[in-house]
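Structure first, commentary second.
The values are calculated or read from the model by the stated rules, or taken from the named source; none is laboratory data. Here the structure is a predicted model, which means the values were calculated and not measured. Every residue, glycine among them, receives a Cβ derived from its backbone with ideal geometry; neighbour counts consider all protein chains shown. Side chains included, ligands, DNA and RNA excluded: accessible areas come from the protein's heavy atoms. Shrake-Rupley method; radii C 1.70, N 1.55, O 1.52, S 1.80 Å.
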Amino acid sequence: MSVSPAAVTPAAHTGLPPGHGALPAWGVAELPAPPPFAFRNALSVIGPGAVMAATSIGGGEWLVGPAAAVKYTTDIFLIATVAIVLQVLFNLEGIRYTLYTGEPIYGGIMRLRPGGRFWAGFYSAIGFLQLGWPALAGSAAAALLAAWMGRMPGAPDQPTQALVAMGLIVVVVLILSFGGTIERMLEYFAWTMLGVVFLFLIAVNVAFVPAAHWWRTLLGFFRFSGLPSPIDWSLIGAFAATAGSGGMGNLTVTNWVRDKGWGMGAHVGAIPSAVGGHQVALSHVGKVFVADAEALARWREWMRYVHLDQIWIWGLFCFLGMYLNVNLATALIPHGTDMQGLAAGAYQAHYLRAIWPGFWFLTLFNGFWILFKTQLGNTDILVRTITDAVWMSRQGEGGRRLQIRGLYYGILLAFSVWSAIVIRSASPFQLFKFLANMAGVVLAIAGVQIVIVNRSFLPRAVRPALWREAGVLLCSLFYAFFAFFAIKDVVETLAR
């Protein structure tokens, strides 16, 4: 039963937040009970981790990871293992805020000084710098074009590749327009794509990669012999960020958690799709619960589902996706091969075709789905980020009420037009390296903010342990290191 904020205040109950920051106070309601923790219930409850995994296993695993491994060997791949572990902690602590308030973590960040409008503008801008480039649509188009032409695309094929990429952007818009709620549609799509991709990767690795090579690749993920010299910092920075989800994707998992109805998200609503969407009211402000004994017992059950979703679905799939792709690439592609050209996304098919001509099409099909599903997810992440930032920054304002569905799809169409224009500006791989390094910048900034948000707005009973906060701060330092050297490398290159 819902209770108004005026009736229950932090002063009256120590189980409520110590303050609400720069946005209006939350409402107060009971924390819904999750289904009893069991395997069958878990299959129906989990989902955001699958959406996130389908988005994560893309450019990092199919493009940047293999390019780094072929160039530098897998001896640097402890970077990937550390990145995934740190991003799991980052995700869990962002979700903690959403589970308690029903708001995505952006809501918590906008409660910090200097206020909602500033942080809404900041994350809209930095989100655009990270994801406002159709790099993966271009790489997916390379796979389709290669299948059609029977050869690797080259510079003369760039105009045709751009046209194919524009067609894929239109398909993304159509997919995001159906399904009830957008999170539900993405979840169905994610499970299907994960199944297709992993069946192929496991089959070709088992069939064509020697057992000794599997072991050498695995060792590379757990040892570190130092960074090579000279080093392409922009490639390594992109690899570190996209070994997991990368920046805005890590933050946007909290939006999917809300739309899934986890915890207090059940009281808030979701973003409906354009066609077939229910009339779901999405609140501008979340709701919290009084942290009494009964509520805390339910809270611990919700956290069990969160850990299952993020550690054993997202984290494990990220590790396996990187491992299987890199294992295959280093077994087939000669060391030192430059995989950063216009045909990025089709190199694996080129070398598998030497084993059996049919692998040309099978590998291109697999590569296409890896890249296209990530373009789909990244598009939703960017549009969802800007939508939620605008939506929440208008809390407490009078005037005409925004329609969340119209806002989402208006931004989606604007972004799609921009993508069609900019697709010719650079090679897909170079665009991807830029956006991936921006993801590292996002992780460096947002990790510190998540710790501040949870310390400022969560009652002590649901705050994380100190070691978890330390892990999130370490995540920020980890990505600040790579971002610093990637930016330094770019500045020195421009100065020459």
Note: A42 to L466 extended length (0.36 nm per residue) minus current alpha-carbon separation gives 149.8 nm
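Kindly sort E61, E30 by accessible area of their heavy atoms, largest first, with the probe set to 1.4 Å.
On the way: E61 0, E30 110 Å².
I get E30, E61, largest accessible area first.
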On each of the three principal axes the extent of the alpha-carbon atoms of the range 304-427, given in whole Å and largest first, is 65, 45, 26
Excluding residues fewer than 8 positions from K287 in its own chain, the lysines with Cα under 21 Å of it are K260
Normalised Cα Rg of the range 111-249, dividing by 2.2 N^0.38 Å with N its residue count, works out at 1.39
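Translational diffusion coefficient of the range 455-496 at 10 °C, 1.306 mPa s, Stokes-Einstein with Kirkwood Rh over Cα pairs, in µm²/s as a whole number.
Working: Rh = 12.8 Å.
Estimated via Stokes-Einstein, D reaches 124 µm²/s.
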Taking every C-alpha to C-alpha distance in the range 64-109 and binning by 5 Å from 0, the per-bin percentages run 5, 20, 17, 13, 11, 11, 10, 10, 4, 0
With x for Gly and Pro, the residue-by-residue ³J(HN,Hα) of the range 105-113, computed from phi through the Karplus equation 6.51 cos²θ - 1.76 cosθ + 1.60 at θ = phi - 60° and given in whole Hz, is 4, 4, x, x, 5, 6, 7, 7, 5
Among V64, A238, G108, the residue whose Cα sits farthest towards the positive end of the charge dipole of the chain, when +1 is placed on the Cβ of each Lys and Arg and -1 on the Cβ of each Asp and Glu, is G108
Binned at 20 Å starting from 0, the alpha-carbon pair-distance distribution of the chain in whole percents comes out as 25, 57, 18, 1
For K488, counting only lysines whose alpha-carbon sits under 23 Å away and dropping same-chain residues fewer than eight positions off, the answer is K71, K433
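Can you give me the convex hull volume of the Cα atoms of the range 48-150, divided per residue and expressed in Å³? Intermediate values should be presented prior to the final figure.
Details: hull volume 15.2 nm³, N = 103.
Enclosed volume per residue, from the Cα hull, is 148 Å³.
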With all protein chains present and a 1.4 Å probe, the order of D259, D292 from largest accessible area down is D292, D259
Rounded to the nearest 10 Å², the accessible area of M193 using a 1.4 Å probe with every protein chain kept is 10 Å²
Label model pair F361, L163: point-to-point distance (7 angstrom along the Cα→beta-carbon line) in nm is 2.3 nm
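Suppose R0 equals 56 Å. What FRET efficiency, 1/(1 + (r/R0)^6) with r the Cβ-Cβ distance, do M152 and L477 give to the nearest 0.05?
Numbers: r = 40 Å, r/R0 = 0.71.
Efficiency at R0 = 56 Å is approximately 0.90.
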Simple spin-label estimate for H307/V173, 7 Å along Cα→Cβ, in nm, reads 4.5 nm
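Give me Rg/Rg_expected for the range 90-160, where Rg uses Cα atoms only and Rg_expected = 2.2 N^0.38 Å with N residues.
Values: Rg = 20.0 Å, N = 71, 2.2 N^0.38 = 11.1 Å.
This ratio for the range 90-160 stands at 1.80.
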Length gained if A211 through R223 is fully extended, taking 0.36 nm per residue and subtracting the Cα-Cα distance, is 2.4 nm
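As a test of the formula, what do you get for the chain when each DSSP H run with n ≥ 4 contributes -39,500 (n - 2.57) and the sum is divided by the residue count, at 222 nm and rounded to the nearest 500 deg cm²/dmol?
Working: 19 runs with 315 residues, N = 496.
Here the helix-only value at 222 nm equals -21000 deg cm²/dmol.
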The rounded separation in angstrom of the Cα centers of the range 88-125 and the range 352-372 is 40 Å
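Can you tell me which of 212-218, 115-121 comes out highest on packing, and rank the rest after it, using the mean Cβ neighbours within 10 Å? Intermediate values should be presented prior to the final figure.
Working: 212-218: 14.9, 115-121: 17.7.
Most protected by this proxy first, the peptides run 115-121, 212-218.
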Taking only the Cα positions of the range 294-368, the convex hull volume per residue in Å³ is 127 Å³
With every protein chain kept in place and a 1.4 Å probe, the chain has an accessible area per residue in Å² of 37 Å²
Karplus-derived 3J(HN,Hα) from phi for the range 70-76 (6.51 cos²θ - 1.76 cosθ + 1.60, θ = phi - 60°), whole Hz, x at Gly and Pro, runs 5, 7, 10, 6, 7, 5, 9
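Of the peptides 441-449, 160-168, how do they stack up when ordered by the mean number of other Cβ atoms within 10 Å, highest first?
Numbers: 441-449: 22.7, 160-168: 19.0.
With the highest mean Cβ count within 10 Å placed first, the list reads 441-449, 160-168.
On full extension of the chain, what length is gained from I202 through A297, given 0.36 nm per residue of separation minus the C-alpha to C-alpha distance?
Working: separation 95, 0.36 × 95 = 34.20 nm, distance 4.00 nm.
The span from I202 to A297 would gain 30.2 nm if fully extended.
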The answer for V28, listing residues at least 5 apart or on another chain whose modeled amide H is closer than 5 Å to its amide H, is V3, V288
By the mean-Cβ-within-10 Å protection proxy, highest first, 300-306, 84-90, 330-336 rank as 84-90, 300-306, 330-336
Quick calc, R117 & V417: beta-carbon distance into FRET formula, R0 30 Å, rounding 0.05, result 0.70
Relative contact order in percent for the range 16-162 (Cα pairs under 8 Å, 6+ apart) equals 26 percent
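Given N residues in the range 227-273, what is its alpha carbon radius of gyration divided by 2.2 N^0.38 Å?
Details: Rg = 17.3 Å, N = 47, 2.2 N^0.38 = 9.5 Å.
Output field value: 1.82.
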